[in-house]
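Chemist: Provided herewith is a single structure, encoded as structure tokens, for subsequent inquiry.
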Amino acid sequence: MDFDLRFIYQRSIMLNVKPAYELNFARYRSYPIFDTMKEWSKWSNSGVGLEYLALAMGIPSPKDGGIDGSQVADFYKAGKLDDIVEYCKRDVETTRAVYRKMVFEKPANKLF
């Protein structure tokens, strides 16, 4: 909520790409945006990153593939687009698994 979605929203404004629907960035609620970091800490000022939250829940870390978000620009410059795609897939699957655990939903089939 404080980075990814806000960044995408701001970038859409800069590129004149109207979002498909308006997102409400109001705090202290879990709909329409369920921010795993904020919900885990129950909106306190402390936070925990996805990697640590996943590891605490017994979910594989998205960083296990040899790349993390801080390296994406370098991988892009080096033409390692497939590595970036795989990292993003792992990140999404990890986020989905963490979300499902937090809302007590049965886990889906693991993709990695």
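Chemist: How much of the calculated P(r) for the chain lies past 26 Å, in percent of all Cα pairs?
Modeler: 27 percent
Chemist: Sticking with this structure for a sec: Between ARG96 and ILE84, with labels modelled 7 Å along Cα→Cβ, what's the label distance in nm to one decimal, could you check?
Modeler: Placing both labels 7 Å beyond Cα along the Cβ direction yields 2.2 nm.
Chemist: Determine the distance separating the Cα centre of region 90-107 from the Cα centre of region 1-20; give it in Å without decimals.
Modeler: 24 Å
Chemist: Once you've got the Cα coordinates, tell me which of LYS18/LYS106; LYS38/LYS77; LYS80/LYS101; LYS18/LYS77; LYS63/LYS101; LYS38/LYS106 are over 25 Å apart.
Modeler: Result: LYS18/LYS106; LYS38/LYS77; LYS80/LYS101; LYS18/LYS77 exceed 25 Å.
Chemist: With θ set to phi - 60° and the Karplus curve 6.51 cos²θ - 1.76 cosθ + 1.60, what are the ³J(HN,Hα) couplings of region 7-19 in order, to the nearest whole Hz, using x for Gly and Pro?
Modeler: Once θ is set to phi - 60°, the couplings for region 7-19 become 4, 4, 4, 5, 5, 4, 5, 4, 8, 6, 10, 6, x Hz.
Chemist: Hey, got a sec? Which chymotrypsin sites (Phe, Trp or Tyr not before Pro) in region 1-109 land in a DSSP loop and have at most 10 other Cβ atoms within 10 Å?
Modeler: Those that pass, being in a loop and sparsely packed, are PHE3, TYR21, TYR28, PHE104.
Chemist: Hey, what did the chain get for relative contact order, percent, Cα under 8 Å, at least 6 apart?
Modeler: Once normalised by length, the contact order is 19 percent.
Chemist: Under unit Cβ charges (Lys, Arg +1; Asp, Glu -1), what dipole magnitude, rounded to 20 debye, does the chain have relative to its Cα centre?
Modeler: Values: 17 positive and 15 negative charges, 75 e Å.
Using only the charged Cβ atoms, the result is roughly 360 debye.
Chemist: Taking all protein chains in place and a 1.4 Å probe, what share, in percent, of the accessible surface of the chain do carbon and sulfur account for?
Modeler: Carbon and sulfur: 56 percent of the exposed surface of the chain.
Chemist: DSSP loop GluC sites (Glu not before Pro) in region 37-112 with at most 15 other Cβ atoms within 10 Å of their Cβ, which ones?
Modeler: Those satisfying the criteria are GLU105.
The values are calculated or read from the model by the stated rules, or taken from the named source; none is laboratory data. Note that the structure is predicted; figures quoted are calculated from it, not measured. Cβ sites come from the backbone with ideal geometry, for glycine too, and all protein chains shown count toward neighbours. What goes into the accessible areas is simple: the full protein's heavy atoms, side chains included, and nothing from ligands, DNA or RNA. Shrake-Rupley method; radii C 1.70, N 1.55, O 1.52, S 1.80 Å.
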